[in-house]
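Following: one structure in structure tokens, then a few remarks.
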Amino acid sequence: MRTVRNWYFSLVLQDALTEEQDDALTELASFHDGRIHLAERPGYSRFTCSFEAETLTQAIADALGRFVDLPGVLVRSVELDEIALEENGMATPAVLPAPPPLADAL
């Protein structure tokens with residue numbers, strides 16, 4: 001028997017959303033069901049996600065599938081922060097968080 005669980009991760013976009021993409025996002029019901037949330041700051045956009053699935057891969061695929069209806073938006077990376085690693089039951093001494101982006105370090 002397989003176990004379904006909540007997976008927590010972030011989808012980091014290649015570029016910040018344009019005004020047109022942001023407007024289109026407000027019309028897409030798939031982005032307003034409580035499982036995916038937009039976080040922005042100047043020049044930067046990411047979606048924090050919480051999806052139920054049997055595997056992390058399935059959860060990420062479900063989240064990425066929503067971007068088909070949001071043209072021109074490219075997901076640069078999938079990230080799990082220290083809290084997400086713990087929540088996902090994936091925190092081990094061999095798993096280290098990624099260093100902050102260069103712009104954040106300056």
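The values are calculated or read from the model by the stated rules, or taken from the named source; none is laboratory data. Only a predicted model underlies this, so the values are computations on that prediction, with no experimental measurement involved. Every residue, glycine as well, gets a Cβ built from its backbone with ideal geometry; the counts of neighbours run over all protein chains shown. With ligands, DNA and RNA removed, areas are computed over all heavy atoms of the protein, side chains included. Shrake-Rupley method; radii C 1.70, N 1.55, O 1.52, S 1.80 Å.
Some notes on this structure:
- Restricting attention to the stretch 39-75 and to residues that are in a strand (DSSP E or B) and open to solvent by 60 Å² or more (accessible area, probe 1.4 Å), the residue that is farthest from Val4 (Cα to Cα) turns out to be Arg41.
- Annotation: of all residues in the stretch 16-33 being in a loop (DSSP other than H, G, I, E, B) and open to solvent by less than 50 Å² (accessible area, probe 1.4 Å), the one that is farthest from Ser77 (Cα to Cα) is Leu28.
- Of all residues making up the stretch 1-15, the number that are in a strand (DSSP E or B) and open to solvent by 40 Å² or more (accessible area, probe 1.4 Å): 3
- From the list Glu79, Glu27, Glu54, Glu40, the lone residue that is without any contact (Cβ under 8 Å) to a residue 24 or more places away in the chain, out of contact with any Phe, Trp or Tyr (no Cβ under 6 Å at 6 or more places or on another chain) and not aliphatic (A, V, I, L, M) is Glu27.
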